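The values are calculated or read from the model by the stated rules, or taken from the named source; none is laboratory data. Nothing here was measured: the structure is a model prediction, and the numbers come from that model. Here the Cβ is made from the backbone with ideal geometry for all residues, glycine too, and neighbour counts use every protein chain on show.
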Ligand code: FES
């Protein structure tokens, strides 16, 4: 699973710093789920941030806990 | 910015005597507002600790003040000596000193006047060759002192690659009483040590050279300095230039000109800001990769792009760069984020060229971003001021 996080000023200040921290922790505890994290410059959606993309799909305004639960959901729904 | 071909890089390094929290060695340097004169003073107060520190500071501050006055160098030194008290018991002066007055001429000629009183004699190196300096001795009339006292004065011309190195006796006397150095490290051995260092690395910075010398001296004292150990280095060399592009140009039609100006620049390059980085990426057809290996809760990660030394996020990073410069935080103490890399590049440069784009970034009208970071021009102004005033860098600014 590839997760891209917007690391632009606005998204970083709006919460992606905490999201990245949570994701790094989660990834280190769940090595089996092959999470690839990547940073991205401003996605030009600042006002709806913080912005991340999970496997290409834009997810907006999520905090760390919401991102992790979204992730779990996605993994459970996988065959 | 002075148009000269050369810059003068001044720095020093110091250890206090084992167990002391304050030094009896004091080094000061400053530049006049016209930027054509630099004065460095190294003073060693008798003894160590607070009392020595007060005496040495007094001497150094007087020397700095007088050196910027119209009074000539020798007369200035005489005034200092006649103001300094003489120790009643030991009948010697309370404080020794060395002064370097550097004059930057119009036509790139750099001259230095050296005034020395009882410190180990300074070295003049031309690349890795030690050059003897002809000294004039000036006998002073000091009724309070028991021995004849003299100052030495010399004047030297400095070319590209020249260095002046001054130190206190904590360096030359390090290792005193050991089997290998019964009389201490001594000036001639220090000289060969420096020569060796310069042979290995002709371009070593003033800071690194000073540090290497005091580290060796401390090692000779078996890691526990028996006296304050201080070394200061003045290096004349070609300037190291850095260009910083921050903010998108007001008119989009200026994007290409900005990118060209930066990419053609002879020197190091920083792009400060994600949107600015995207402009460069587009114009140069190069990918910008965000590097998630170094960041923390306050500072977004840096990125990398071919041909550019550092790419960072904009306002959060710049704001912290300004704060750390103003606090004079030693770079080694900073966590490994973009701010640290930024400071390393700034501090290893002599001249910094800012190119500031004036488009207002709407993201920064965002209430989640602290107000004080929102104004690019203000932050750049703060960074320039501290670079010029506290770090003696030359800077220039242009808007696009
Ligand atoms: S900073 Fe994330 S969309 Fe602009």
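Quick notes on this one:
Rundown of residues vs (1) loosely packed, with under 15 Cβ neighbours inside 10 Å; (2) facing another protein chain (nearest Cβ under 10 Å); (3) part of a helix (DSSP H, G or I), yes/no style:
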site	(1), (2), (3)
A:22	no, no, yes
A:52	no, no, no
A:71	no, no, yes
A:74	yes, no, yes
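- Summed over segment B:61-75, the residues that are more than 20 Å from residue B:138 (Cα to Cα) and in contact (Cβ under 8 Å) with a residue 24 or more places away in the chain give a count of 3.
- So residue B:202, is it in the same structural domain as residue B:98 (by TED's automatic domain parsing), modelled with pLDDT under 95 and assigned to a helix (DSSP H, G or I): no
- Test for residue B:89: is it in the same structural domain as residue B:17 (by TED's automatic domain parsing), over 21 Å from the mean Cα position of the chain (by Cα) and either modelled with pLDDT under 80 or within 19 Å of residue B:27 (Cα to Cα) (or both): yes
- Residue check, residue B:367 modelled with pLDDT under 95 and within 15 Å of the ligand (Cβ to nearest atom): yes
- For segment A:1-19, the candidate set comprises residues that are within 8 Å of another protein chain (Cβ to nearest Cβ) and either more than 17 Å from residue A:57 (Cα to Cα) or assigned to a strand (DSSP E or B) (or both); within that set, the residue that is farthest from the ligand (Cβ to nearest atom) is A:18.
To keep it simple, each residue is scored yes or no on (1) modelled with pLDDT of 90 or more; (2) more than 9 Å from the ligand (Cβ to nearest atom); (3) closer than 25 Å to residue B:299 by Cβ.
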{"residue": "A:27", "(1), (2), (3)": "yes, yes, yes"}
{"residue": "A:34", "(1), (2), (3)": "no, yes, no"}
{"residue": "A:45", "(1), (2), (3)": "yes, no, yes"}
{"residue": "A:63", "(1), (2), (3)": "yes, yes, yes"}
{"residue": "A:70", "(1), (2), (3)": "yes, yes, no"}
{"residue": "A:78", "(1), (2), (3)": "no, yes, no"}
